[in-house]
Amino acid sequence: VNKEKAFMVNLLPYPVFIGNDGWDKIRRLIIPYLRDERVFLLDDQNTEKNCLPILFHFIPELYDCEIYTLADGEQSKEIRTLGEVWKWLITHGARQGSLLINLGGGVISDIGGFAAATAKRGMHYVNIPTTLIGQADAAIGGKTGINLEGAKNQAGVFYNPEAVFIIPEFLLTLPERHFKSGFAEIIKSAALSGHHSWKLLKDTADYSVEHMIPLIYEAVRYKCLVVKKDPYDRASRRALNFGHTAGHALESLFNRQQMPGMLHGEAVAAGMAIELFLSGMVAGLEAIERDDIISVIRKHFHLPFVDDKYHEMLLNLMNLDKKNDSDRINFTLLEAIGKPVINCRVNSRDIRSSLMEYNRMTGHDQD
Ligand code: GLY
């Protein structure tokens, strides 16, 4: 993969462009809407400040489009905000042929995509993801939605964008902690995808934005392949949930217990470590591969120790996860690098043991 050029992944009903010179592609898609229709842009306070000026610089024609700016963060992904976005679109004359541009991370593409799917029974939209999580994962695949009462993604639809434009340059606008957090999804994708991607990840000399392009490209290609096979998440797409059952539980625990807040990617990194121990126990993952992946995770993330007294609460939180049936908890685990196993129904004894193993490992870091 050449770092300078733009790439297009054409596996889905819409193109995904990757590369810092993707501006021309964006312009070509947007100009007809500007000429014949209306163009709307949804961003958040961060992307308004740091990314919108870059977009205006390259596409000055957008200067006159309608803009709506949400507060940063996950709390915007809720029903009241969705109502505001609908009203904004409708009162400014959105029609089925209008275009909404989502400029931001997963929160913006989720809520903006949902608004686009439902305003006027569906208008056009494009995603311009500005975070590493957005570029490697969230902006692709047509999942849209909002949270309800603290539970993630409880209402939403699958609705495809017209295109996704991944401009790695936007990653330079991220605070370092957020950039690093997104790296968890790159590690996840490489481990799920196979030895070629895994080797590429391990051989990457440094994790600067320019070195990130081939890794993003691999993650995007893998995601597109997975989504193409199972666009509605009925079966094989669930591979992408690896690390997320334990990860979502940790995210909720840390955010509820007045422990230092955890970013999504940080939670997924720790969740993957827990689920790798579990994979060793119940999915046949060999210790050598398990330890290889865990060592890469630990190279990038400080994994928090999770006191034993929270383990029951974590189990309860995992039970709330939408992917579960009653007594056992449903995980996506790894049988080997490149071999995810979906719908692994695991009993609580094995989950407790994997939490203990995780603690034995992270406990050492504390000493
Ligand atoms: N982020 C997981 C999925 O798109 O299925």
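Values quoted throughout were computed directly from the atomic coordinates according to the rules given, and no laboratory measurement underlies them. The structure presented is a predicted model; accordingly, all values stated were derived computationally and were not measured. All Cβ positions, glycine included, derive from the backbone under ideal geometry; neighbour counts span all protein chains shown.
Data for the structure
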{"read-out": "Given K87/K152; K87/K143; K223/K309; K152/K223, the pairs whose alpha carbons are separated by over 29 Å", "value": "K223/K309"}
{"read-out": "Helical contribution to [θ] at 222 nm, DSSP H n ≥ 4, -39,500 (n - 2.57), averaged over the chain, rounded to 500", "value": "-15500 deg cm²/dmol"}
{"read-out": "Under Karplus coefficients 6.51, -1.76 and 1.60, residue-wise ³J(HN,Hα) of the stretch 251-256 in Hz, glycine/proline x", "value": "4, 5, 4, 5, 7, 8"}
{"read-out": "Prolate/oblate/rounded call for the stretch 211-268, Cα gyration tensor, a/c under 1.5 rounded", "value": "oblate"}
{"read-out": "Sparse-neighbour loop sites [chymotrypsin sites (Phe, Trp or Tyr not before Pro); the stretch 213-284; at most 12 other C-beta within 10 Å; DSSP]", "value": "Y232"}
{"read-out": "The stretch 225-240 - phi-based ³J(HN,Hα) in whole Hz, Karplus 6.51/-1.76/1.60, Gly and Pro as x", "value": "4, 5, 5, 4, 5, 9, x, 9, 6, 7, 8, 5, 4, 4, 3, 5"}
{"read-out": "Residues whose placed amide H lies under 5 Å from that of Q154, excluding near-sequence neighbours", "value": "I146, N147, L148"}
{"read-out": "Protection proxy ranking of 169-182, 303-316 - average other beta-carbon atoms within 10 Å, highest first", "value": "169-182, 303-316"}
{"read-out": "Overall form of the chain per C-alpha gyration tensor (a/c, 1.5; a/b vs b/c)", "value": "prolate"}
{"read-out": "Cα long-axis angle, helix 23-36 against the chain (0 to 90 degrees, to the nearest 10)", "value": "50 degrees"}
{"read-out": "Degrees, to the nearest 10: 106-118 long Cα axis against longest axis of the chain", "value": "50 degrees"}
{"read-out": "Charge tally in the Cβ shell below 12 Å around A117, where Lys, Arg are +1 and Asp, Glu are -1, A117 excluded", "value": "+2"}
{"read-out": "The chain, relative contact order in percent, only Cα pairs under 8 angstrom and at least six apart counted", "value": "14 percent"}
{"read-out": "Net charge of Cβ neighbours under 12 Å - reference N255; Lys, Arg +1; Asp, Glu -1", "value": "-1"}
